[in-house]
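Remarks on the structure that follows.
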Amino acid sequence: MKLLISVVHSDDAHPLIDALMRDGYKATMIGTTGGFLREGNTTLLIGVADKDVDNVLKIIKNNCHTRTQYINPLPPTMESGELYMPTPIEVQVGGAVVFILNVDRFERF
Ligand code: 2BA
């Protein structure tokens, strides 16, 4: 068995969960925050049989889209009177980041 930990854009989370449920997979959604953008995203925990990993990856790929976001870098240390004109930096986010972990044991009571 494998545990897929997938960080996705929050707008993609519900369509993704719906697609997973339609194919009979189980998942848990957690509201999370990206360390770089400090914006909300969603992390899904998906426990699946080894043979299903590729199908689940395909579902994630089909439902998660790459987005371009812009952030303003932190201003540098400046002398008084200097004017700082921030230049937004372009960042590509997603479609999805997926960690695939081996599950030693799974119990359900
Ligand atoms: P964030 O940390 O908010 O990162 C959003 C996007 O900013 C990243 O997209 C990446 O394109 C860019 N980015 C992140 N750190 C950067 C840095 N130090 N310098 C320049 N650009 C940087 P994704 O790679 O698609 O990641 C989307 C979200 O997935 C991340 O949101 C984070 O919540 C999670 N994530 C990505 N890689 C991870 C990792 N190795 N471990 C844990 N979480 C990760």
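The values are calculated or read from the model by the stated rules, or taken from the named source; none is laboratory data. Because the structure is predicted, anything quoted here is derived from the model rather than measured. Quick note on the areas: whole protein, heavy atoms, side chains included, nothing else; ligands and nucleic acids left out. Shrake-Rupley method; radii C 1.70, N 1.55, O 1.52, S 1.80 Å.
Expressed as a whole percent, the accessible area of segment 1-47 that falls on carbon and sulfur atoms is 55 (1.4 Å probe).
Give the angle, between 0 and 90 degrees and rounded to the nearest 10, that separates the Cα long axis of helix 10-22 from the longest principal axis of the Cα atoms of the chain. Approximately 10 degrees, to the nearest ten. The C-alpha atoms of the chain define a longest principal axis, and helix 53-63 lies at about 50 degrees to it. Multiplying the residue separation of L3 and K61 by 0.36 nm and removing their Cα-Cα distance gives an extension gain of 19.2 nm. Computed with a 1.4 Å probe over protein heavy atoms only, the accessible surface of segment 1-58 comes to 56 Å² per residue.
Using just its DSSP H runs of length 4 or more, each adding -39500 (n - 2.57), the chain gives a mean residue ellipticity at 222 nm of -7000 deg cm²/dmol after division by all residues. The portion of the accessible surface of segment 50-103 made up by carbon and sulfur, rounded to a whole percent, is 55 (1.4 Å probe; DNA, RNA and ligands excluded).
Distances over 16 Å make up what percent of all Cα-Cα pairs in the chain? Roughly 63 percent, rounded to a whole number.
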